[in-house]
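Read through the structure below, which is laid out as structure tokens, and then see the notes.
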Amino acid sequence: MIGLTAMIDGDISHDQMTRFLLSTAFASKYLWGQVKSTVRQIEQEDGCLIFDDSIQEKAWTDDNVIICWHFDHCKGRSVKDTNMLTALYYSGEVSIPVAF
């Protein structure tokens, strides 16, 4: 996996990042495999999982496998959108994404 330090220091170009992202079928299982050892190192008794259930409205896009109708609790009505569920492990002022 491309290291964060290499990205920050500019050692990786936009094209390299694009090729990397296109080369792998990303899924939660893959992400967990990448972060599991780090989570285990920072794991604490008072650590917790934080879940975020977000929607990104796509009113003008045709329905498909990803975009469909969901109830938006903020708007009090159904909207056509992409529904995203993500999870972070939070421990000792560190947040690490663990699932999507």
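The values are calculated or read from the model by the stated rules, or taken from the named source; none is laboratory data. As the structure is a prediction and not an experimental result, all values here were calculated from the model. Here the Cβ is made from the backbone with ideal geometry for all residues, glycine too, and neighbour counts use every protein chain on show. Accessible surface areas use protein heavy atoms only, side chains included; no ligands, DNA or RNA. Shrake-Rupley method; radii C 1.70, N 1.55, O 1.52, S 1.80 Å.
What to note about this one:
- Every residue from the stretch 57-79 that is part of a strand (DSSP E or B), among the β-branched types (Val, Ile, Thr) and more than 19 Å from the chain's Cα centre (by Cα): 79
- Residue list for the stretch 59-85, filter: within 30 Å of residue 39 (Cα to Cα) and open to solvent by 50 Å² or more (accessible area, probe 1.4 Å): 66, 83, 84, 85
- Options 49, 88; residue that is open to solvent by 90 Å² or more (accessible area, probe 1.4 Å) and either within 18 Å of the chain's Cα centre (by Cα) or among the charged types (D, E, K, R) (or both): 49
- Check on residue 27, surrounded by 11 or more Cβ atoms within 10 Å (Cβ to Cβ) and either on the phi < 0 side of the Ramachandran plot or touching a residue at least 40 places away in the same chain (Cβ under 8 Å) (or both): yes
- Screening residue 54 with (1) in contact (Cβ under 8 Å) with a residue 12 or more places away in the chain; (2) small (Gly, Ala, Ser); (3) part of a loop (DSSP other than H, G, I, E, B) gives one miss only, at (3).
- Filtered by the rule that a residue be closer than 17 Å to residue 98 by Cα, part of a loop (DSSP other than H, G, I, E, B) and modelled with pLDDT of 90 or more, the stretch 15-45 gives 43, 44.
- Criterion: of a type in the set (A, V, I, L, M) and touching a Phe, Trp or Tyr at 6+ places or on another chain (Cβ under 6 Å) - qualifying residue of 27, 87, 59: 87
- Qualifying residue in the stretch 80-93 (condition: outside any strand (DSSP E or B) and of a type in the set (Asp, Glu)): yes
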